[in-house]
Amino acid sequence: MKLTAAHWGTYKVRNDTGKNFKLLPFEQDKNPSDIGRGIESAVVDGSRIHKPTVRKGWLDSNKKRKNIKRGEDQFVEVSWEDAFELVSKEIKRVVSTHGNESIYAGSYGWASAGRFHHAQSHLRRFLNLIGGYTYSKNTYSYAAAEVIIPHVLGNFYDFLFDTTSWESIADHTSLLLAFGGIPLKNGQINQGGVGSHNQRGYLNKASANGVKFINLSPLKSDLETTSNVEWLPLKPNTDVALILSLCYEINKAGATNRNFIEKYTVGFEKFISYLNGRTDGVVKDANWASKITGISREAIFELINKIKGSKRTMISVSWSLTRQSYGEQPYWAAIALASIIGDIGKPGGGIGFGYSAMNSIGNHYKKIPAVSLPQGKNNVKKFIPVARISEMLENPGASFDYNGSKLTYPDIKLIYWAGGNPFHHHQDLNRMIKAWQLPETVISNEWCWNALAKHSDIVLPVTTTLEREDIALAPRDPYMIFMSKVIDPIGKSKSDFEIFSGLAEKFDLKKEYTENKTEKEWIRWIYDESNALQENNHKFPDFDAFKAKGWYKHPEPIEQQILLKEFIQYPEKYPLATPSGKIELFSEQIDSFQYSDCVGHPKWYGDKEYLGNTSKYKLHLLSNQPIFKLHSQLDNGEVADNEKSDGRAIIEVNRRDANARGLSDKMLVKVFNDRGSCLAVVKISENIMLGVVNIPTGAWLDPSKNDDISCIHGNPNVLTLDKGTSNLAQGPSSHTSLVEIEQFKKEPPKIRAFDPPEIIKSK
């Protein structure tokens, strides 16, 4: 059986001739995703990059020509030999003149299937061989959680992927409070690959077993089941205020689980002192929270009564809650609430981080040990928090705070990007485009003419997963897939391995880079080395047998997974990796940093851009994960058109907000604030709360030619706030954004997002 895999699923391949192929559902998949079919058209469409190209302004010696901005210039096709020569000479020049820390290779992406052909791994392996590079820390998905959770619970990744399983929830949970919902559309994807999509089945099973779900979100669609769901519309960015009031009122009613607090936590009295208003004169009661959140006092007390009457309560917090100003606070406050309730460590109870954020969260299986391509050692110690790219480029040498340290931004002269698209995931793209002009050179390995490629100086065309062999071996998914080659490489494209092998040869390091292994030998090595890590009764099949069958499924564990079970049963034997060994409701360490925007306990911060503040912009913009693509990937495929109208992004608007502005369904509108503007098509909805609008992310950036519209295609990140969550984590604040909308009455501009730039062809 010929199979291929991606981070949105596994597919059987029906291959007719040449480029004619179809992707069909994998028979093991319980709820296949349509996203993967988008590559059928995207892989061969007009946006594909066929040959190495160089921006003409970068290539020319004419100084006037060099002033043409990245993103607006012509490109010149060159041979691979010329491309390797240009790239290697430029890297050598930059390193010799400015040092390795002047190379930025954060190259943030989203881990596709393919254990060997992982773009970032190859980039880092190559750059480490020549002395290293400035790197990035944390993720756009949940940076604030990555930094705050170690102070409160310990290593975030231990809790993210070892969270209480859905099987335990279905069997034991009475009440599940879903802050930010449990969006099934997000569960279509998984880092490193998906064998079977299980989130919908788990959710339906829990609902059928009588689990009561409460969706605390501005979007009703953030939690879909057939029954047992109550929607409490909550103003964006106000989760913390509601959670703090729940903590206050439960404690005031004498319903705090004092035994749990005394045995498993530290700092409770200081936290309660804050809730009681002793530190700021504001009591965090239901009346206070009601004014902030838009949820009535009566509804808050009804929620409290449901918690008090529940046999087992699970608090679920979505990843999206971290992507706001002060994004560290929702998770910390939710942990405090779960501690006060006292169901942590019990079957079906406690807290969970991001159910259905990926297919793997809450899955019933054991992590599979696996190896990756060795990346070597990075001798450069400089790094930035992942979401601070623009600030770094704008302010070389400037100091910034991060997790208790005072650091400085490097002076970046060269950016090398392989995998991912910063013009999708970064905020305030108008600001970033200006900052992106500052480095001397930008190099990218890309397969299509997206905004990253158009804003590069040297573009090296890379193959897709369909044009090479690999194995999908995701430690967070029980399925392992042999990924067959489906079509021959398009144009002159090469794999990342081939590209960096060619560059390594220019540095006389090809032997060190390849270790004298071919791609096929590396794939076999990864399989065999990973197999050596398995328990004897869970060994993989022989590689040739695995390749012939096309897939293998790791056995499921017998016991249900329960977060912090060992700590609760034996706190002395299994202490948490925090300074106290316990859950820190007050952190002496964070308090010692003396950050005004992240003190020693969970706190409500109202000085941010949200519906509670007076502003000329009266609508709060959400920019959530789309249904028919992963981020911006495959936006150029036909499947992504299902989420568009006339080729543009759709903006979901509450009916009353639409009526107040004279807007109607399917009307083209301009969405704007002081940072930028975009066009989108109205979808009037009863499933989004008053005062909130939503544009899913992923529309390829498409600025208007006369600069009056930042993106005519509908990329919401021309509107979002580019500011660190706080001095602690410096994470992204994309969901902290106010906008206005009005009818766009001019002639709709033609979408050019998928058109290649003007290219001077080689002979």
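Would you say TYR552 is in contact (Cβ under 8 Å) with a residue 40 or more places away in the chain and either touching a strand residue (DSSP E or B) at 6+ places or on another chain (Cβ under 9 Å) or more than 17 Å from ARG468 (Cα to Cα) (or both)? Yes: the conditions hold for TYR552. Within the range 216-231, being in a strand (DSSP E or B) and touching a His at 6+ places or on another chain (Cβ under 8 Å) holds for no residue. For ASN624, the criteria (1) touching a Gly at 6+ places or on another chain (Cβ under 6 Å); (2) under 25 Å from LYS235 (Cα atoms) hold in every case but one, which is (1).
Pairs linking a residue in the range 283-300 that is touching a residue at least 12 places away in the same chain (Cβ under 8 Å) to a residue that is assigned to a loop (DSSP other than H, G, I, E, B) and among the aliphatic types (A, V, I, L, M), with Cβ atoms under 6 Å and 6 or more positions apart or on different chains, are THR293/LEU234. Filtering the range 547-568 for residues that are in a helix (DSSP H, G or I), farther than 20 Å from GLY114 by Cβ and either over 32 Å from the mean Cα position of the chain (by Cα) or charged (D, E, K, R) (or both) leaves a non-empty set. Summed over the range 183-221, residues that are under 30 Å from ASP470 (Cα atoms) and basic (Lys, Arg) total 2. For the range 635-658, the count of residues that are acidic (Asp, Glu), under 25 Å from THR322 (Cβ atoms), open to solvent by less than 10 Å² (accessible area, probe 1.4 Å) and part of a loop (DSSP other than H, G, I, E, B) is nonzero.
Note on the range 204-251: among residues that are hydroxyl-bearing (Ser, Thr, Tyr) and within 22 Å of the chain's Cα centre (by Cα), the one that is most open to solvent (accessible area, probe 1.4 Å) is SER221.
Residue by residue, here is whether (1) free of Cβ contacts under 8 Å to residues at least 40 places away in the same chain; (2) within 30 Å of TYR365 (Cα to Cα); (3) of a type in the set (S, T, N, Q) holds:
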{"residue": "GLN427", "(1), (2), (3)": "no, no, yes"}
{"residue": "THR441", "(1), (2), (3)": "no, no, yes"}
{"residue": "TRP449", "(1), (2), (3)": "no, no, no"}
{"residue": "ASP470", "(1), (2), (3)": "no, yes, no"}
{"residue": "ALA474", "(1), (2), (3)": "no, yes, no"}
{"residue": "ILE499", "(1), (2), (3)": "no, no, no"}
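Filtering the range 322-370 to residues that are outside any helix (DSSP H, G or I) and β-branched (Val, Ile, Thr) leaves ILE344, ILE351, ILE361, ILE368. Residues satisfying the criterion are present in the range 660-683 (criterion: without any contact (Cβ under 8 Å) to a residue 60 or more places away in the chain, open to solvent by 30 Å² or more (accessible area, probe 1.4 Å) and in a strand (DSSP E or B)). Taken over the range 704-763, the criterion of being surrounded by fewer than 18 Cβ atoms within 10 Å (Cβ to Cβ) and not in a loop (DSSP other than H, G, I, E, B) is satisfied by GLU742, GLN743, ILE759, ILE760. Residues in the range 172-192 that are assigned to a helix (DSSP H, G or I) and under 28 Å from PRO575 (Cβ atoms): 1 in all. Note on the range 1-57: enclosed strands (runs of 3 or more DSSP E) holding 3 or more residues that are under 26 Å from the mean Cα position of the chain (by Cα) and surrounded by 18 or more Cβ atoms within 10 Å (Cβ to Cβ) are 3-6, 9-15. Of note, ILE189 satisfies the criterion of being in contact with a Gly (Cβ under 9 Å, 6 or more places away or on another chain), aliphatic (A, V, I, L, M) and in contact (Cβ under 8 Å) with a residue 12 or more places away in the chain.
Residues in the range 72-94 that are of a type in the set (A, V, I, L, M) and in a helix (DSSP H, G or I): ALA83, LEU86, VAL87, ILE91, VAL94. Looking only at the range 693-703, decide whether some residue is surrounded by fewer than 23 Cβ atoms within 10 Å (Cβ to Cβ), hydrophobic (A, V, I, L, M, F, W, C) and either touching a residue at least 24 places away in the same chain (Cβ under 8 Å) or on the phi < 0 side of the Ramachandran plot (or both). So far as the range 693-703 goes, no, none of its residues is surrounded by fewer than 23 Cβ atoms within 10 Å (Cβ to Cβ), hydrophobic (A, V, I, L, M, F, W, C) and either touching a residue at least 24 places away in the same chain (Cβ under 8 Å) or on the phi < 0 side of the Ramachandran plot (or both). State whether the residues of the range 195-203 include one that is over 23 Å from the mean Cα position of the chain (by Cα) and buried (at least 24 other Cβ atoms within 10 Å of the Cβ). Checked against the condition, which is being over 23 Å from the mean Cα position of the chain (by Cα) and buried (at least 24 other Cβ atoms within 10 Å of the Cβ), the range 195-203 yields no hits at all. Among residues of the range 642-659 that are in contact (Cβ under 8 Å) with a residue 60 or more places away in the chain, those with a Cβ under 7 angstrom from a residue that is in a helix (DSSP H, G or I) and not aliphatic (A, V, I, L, M), sequence gap 6+ or separate chain, pair up as ILE650/GLU643.
Right, GLU298: of a type in the set (D, E, K, R) and open to solvent by less than 10 Å² (accessible area, probe 1.4 Å) or not? No.
The values are calculated or read from the model by the stated rules, or taken from the named source; none is laboratory data. In this text the structure is predicted, and so the values were computed from the model without any measurement. All Cβ positions, glycine included, derive from the backbone under ideal geometry; neighbour counts span all protein chains shown. Calculation scope for accessible area: heavy atoms of the full protein, side chains included, ligands and nucleic acids excluded. Shrake-Rupley method; radii C 1.70, N 1.55, O 1.52, S 1.80 Å.
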